[in-house]
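Working notes for the structure below.
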Amino acid sequence: MSVWPMVTILGIPIQAFLGQLLVGLINGSFYAMLSLGLAVIFGLLRIINFAHGAQYMLGAFAGYLLLVHFGIGYWPALILAPLIVGIVGIVIERLALSRLYGVDPLYGLLFTFGLALVLEGVFRYYFGVSGNPYAVPPLLAGGTNLGFMFLPNYRGWVVAASLVICLGTWLAIEKTRLGSYLRAATENRSLVQAFGVNVPLLLTLTYGLGSALAGLAGILAAPVYQVSPLMGSDLIIVVFAVVVVGGMGSILGAIVTGYVLGLAEGLTKVFYPEASSIVVFVIMAVVLLVRPAGLFGKEA
Amino acid sequence: MAELTLQEARRQTAGRWERALLALGILALLAAPFFVYPIFLMSILCFGLFACAFNLLLGYTGLLSFGHAAFFGGAAYFSAYAAKVWSWPPAAAILLGVVGAAALGAVIGFFAIRRQGIYFAMITLALSQMFFFFCLQSPFTGGEDGIQGVPRGMLFGLLDLGRPLNIYYVVLAVFLIGLFAIWRIVNSPFGMILRSIRENEARAISLGYSVANYKLAAFVMSAALAGLAGGTKALVFQFATLTDVAWQMSGEVILMTLLGGIGTMIGPVVGAGLVVGLQNMLATSGFPVTIATGLIFMACVLLFRRGIVGEIYALLQSRRSRSGR
């Protein structure tokens, strides 16, 4: 079957080891995409988007409903689902969040928490708590034998796609003109406005973009995990811990921390499965002891 | 000078009004079990105390904890376990819940006070989620089933808490003692320092206060009082389950405080009464509670951030200052 049937790492067969590492990498891909979106939104809006998990769930459900009701498959949904979630985000920002910019940032957290409850509650009401399966697109079905392990094609695609998305977003913020506006507005909003940049529009677009990123992560996740109303709220708390570890000062920091903590979680599952659900929180506590500002943080 | 004495006089009349209202409120609570289902009242009292304990931290120290379910639910587990498995008497079981919650608060607070604002909220949420996973997997909590059939026992060997009226008045006493403790903390020199931290942390540091110690002390006190509420609740309902330690419970207590009025003495109790009442109403209607909770959250943040009691205070204040001129 395998090229190295006898190879073990610390008494664990290498296939099991690499398999869990892949699971960790997949989880890390989602941590990275979601913490990236949180960091982008927080950087400019100074709001922690508690609804990020719900928007991720919304992306997955958008894909699922497009398929069930309109027969629209995975590939068009990959564009449409983030677009839908992004538009919902823009509407929310215009109607509500834009009224909260002057007040304590905690209110933004509380508002988006309420929003998350409503979104989750609505989908729970109509779809129950059990998950709905979403098939892997035919193009990516099956797997590839890499010699040392068997890689399901879709999982390889998720890792590759998330890397492209994360690096693409990072490049767009660091290298484009719009990105430079965004970075400048993050530093000093009123000065940028004085230079004639339409900052309110920029804020709206940023929230829309952040929401769309969550939606994109959601549709990517649909074939891996089941499409369920609760898929976001379980994830968002871990992503918050990731964000505390990485610090939200740096976009690249959020991405790297996401992948690293996903891998750490996968490794823990190999050696001490009981602790795998809390390892990210333990790492967070250790980082708080050693470097309270976070690994990439720059706030005092 | 005249202005000052005038304000003083106004405050005194306000104080007199408040005292009269307080006496009226206590009388109403004493008479209530003869008119309203006692279990419902006790659940309001437990959640009211929980919300007031939370408000000690958010309203008077300016720290938003998103993990208070850990203290409430943790204490419920400790008390339920002591009362059921070790057959401890009720007072001792509740005390164990308080001590356990305080210890848990010391650990979580130790990590959380290293960061401020939004990060503080996220850290408390993450650590309480860690405690949730601990409760989910640890054998002593009974996993998904929780601890059920907790005996209420005899208070001090004299009072049978199995009778609804007896336990109601005990819970009322616990509630009033807890509220009095919070009132004393808030209006002590210690409480003034907490408020100064809320208003301007940097200035409090520059005045020489070791802000970190004060924050941790406030956090532990808030956790202990939340534990008092949780331990009492475990005896009232005779069970402790994962619901009490889940993050939704942390959200619920925030909602109660926000709805009633952050930083007001009585607001959280009003908020708790409304939320518990609403949940009771919705339980029979089939309308999902989470949606209602979320909608109230959004409405509160957008429309009346001061909460119901806070808005009433603000209204009275503006009227008073207008009539004063």
Checking A:ALA293 against (1) within 12 Å of chain B (Cβ to nearest Cβ); (2) assigned to a helix (DSSP H, G or I); (3) among the small types (Gly, Ala, Ser), only one condition comes out false. Which one? (2)
Given (1) modelled with pLDDT under 90; (2) surrounded by fewer than 24 Cβ atoms within 10 Å (Cβ to Cβ), index of the condition B:GLY273 fails: (1)
B:ALA91 vs. criteria touching a helix residue (DSSP H, G or I) at 6+ places or on another chain (Cβ under 7 Å), at pLDDT below 95 and either outside any helix (DSSP H, G or I) or not hydroxyl-bearing (Ser, Thr, Tyr) (or both): no
Subset of the stretch B:184-211, residues assigned to a helix (DSSP H, G or I), surrounded by fewer than 14 Cβ atoms within 10 Å (Cβ to Cβ) and under 26 Å from the mean Cα position of the chain (by Cα), comes to B:ARG184, B:PRO189, B:MET192, B:GLU199
Does B:ILE254 satisfy the condition of being of a type outside the set (Gly, Ala, Ser), under 18 Å from the mean Cα position of the chain (by Cα) and modelled with pLDDT under 90? no
Here is a check on your reading of the model: is A:VAL103 farther than 29 Å from A:GLY253 by Cα and within 12 Å of another protein chain (Cβ to nearest Cβ)? no
Out of the residues in the stretch B:212-255 that are of a type in the set (Phe, Trp, Tyr) and closer than 18 Å to B:PHE40 by Cα, state the one that is surrounded by the fewest Cβ atoms within 10 Å (Cβ to Cβ). B:PHE237
State whether the residues of the stretch B:151-166 include one that is within 25 Å of B:ARG115 (Cβ to Cβ) and either touching a Ser or Thr at 6+ places or on another chain (Cβ under 9 Å) or modelled with pLDDT of 90 or more (or both). no
For the subset of the stretch A:107-135 comprising residues that are assigned to a loop (DSSP other than H, G, I, E, B) and touching a strand residue (DSSP E or B) at 6+ places or on another chain (Cβ under 8 Å), which member is nearest to the other protein chains (Cβ to nearest Cβ)? A:GLY131
Inside the stretch A:34-92, can you point out the residues that are outside any helix (DSSP H, G or I) and at pLDDT below 90? A:ARG46, A:ILE47, A:ILE48, A:GLY71, A:ILE72, A:GLY73
Residue that is over 17 Å from A:ALA285 (Cα atoms), small (Gly, Ala, Ser) and at pLDDT 85 or above, where the choices are B:ALA106, B:ALA101: B:ALA101
The number of residues in the stretch A:249-261 that are buried (at least 21 other Cβ atoms within 10 Å of the Cβ) and under 26 Å from B:VAL107 (Cβ atoms) is 2
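The values are calculated or read from the model by the stated rules, or taken from the named source; none is laboratory data. Keep in mind it's a predicted model, so treat the numbers as computed, not measured. Positions of Cβ are generated from backbone atoms using ideal geometry, with glycine treated the same way; all protein chains shown enter the neighbour counts.
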